[in-house]
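A short write-up of the structure that comes next.
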Amino acid sequence: MRPATLLRAAHARQPMIHFLGKRSHETGPHTPKPHPQAPKEIAESFQSFLAKLQSSSGGTAAAPSSTPKNQSSSGAAKGPGKPVDYEVFYEAPSRLWKTKPLEEFEMEAIMSGGATNVSA
């Protein structure tokens, strides 16, 4: 046998990366705060932003996509001009989630990558 092979076999591989130890992660809820690099005027007005956010979401900012308290689960509108959240997409009116069939020229534009349908 070759001496170099014996030397390599006797010497166990030692990784070059060294781990520092077990990590500790926060288990409590995240407290909202402005980004450390945010401009000064944004950082100063952050508390008023949080107050507006909590008042518009009914006191909690936890689940914005959940069904509002005063809305029935059938997806009925709350009134004219007021936004409505739906639990699942098919509770919304079909005009919002059903797509129109593609035309032939649209399929050709997609298949060709769109480069051939340039209108000047």
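Which residue, of Ala109, Ala77, is within 29 Å of the chain's Cα centre (by Cα) and either surrounded by 10 or more Cβ atoms within 10 Å (Cβ to Cβ) or at pLDDT below 50 (or both)?
Ala77
For the subset of the range 39-59 comprising residues that are at pLDDT below 80 and over 19 Å from the mean Cα position of the chain (by Cα), which member is surrounded by the fewest Cβ atoms within 10 Å (Cβ to Cβ)?
In this case the residue turns out to be Gly59.
Each row is one residue, and each column tells you yes or no for (1) in a loop (DSSP other than H, G, I, E, B); (2) among the acidic types (Asp, Glu); (3) in contact (Cβ under 8 Å) with a residue 40 or more places away in the chain.
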residue	(1), (2), (3)
Ala12	yes, no, no
Pro15	yes, no, no
Phe19	yes, no, no
Glu26	yes, yes, no
His30	yes, no, no
His35	yes, no, no
Ala38	yes, no, no
Phe49	no, no, no
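How many residues does the range 93-106 hold that are modelled with pLDDT of 85 or more and of a type in the set (A, V, I, L, M, F, W, C)?
Within the range 93-106, residues that are modelled with pLDDT of 85 or more and of a type in the set (A, V, I, L, M, F, W, C) number 2.
The values are calculated or read from the model by the stated rules, or taken from the named source; none is laboratory data. Computed from a predicted model, the values in this text were never measured in an experiment. Note: ideal-geometry Cβ built from the backbone for every residue, glycine included; neighbour counts use all protein chains shown.
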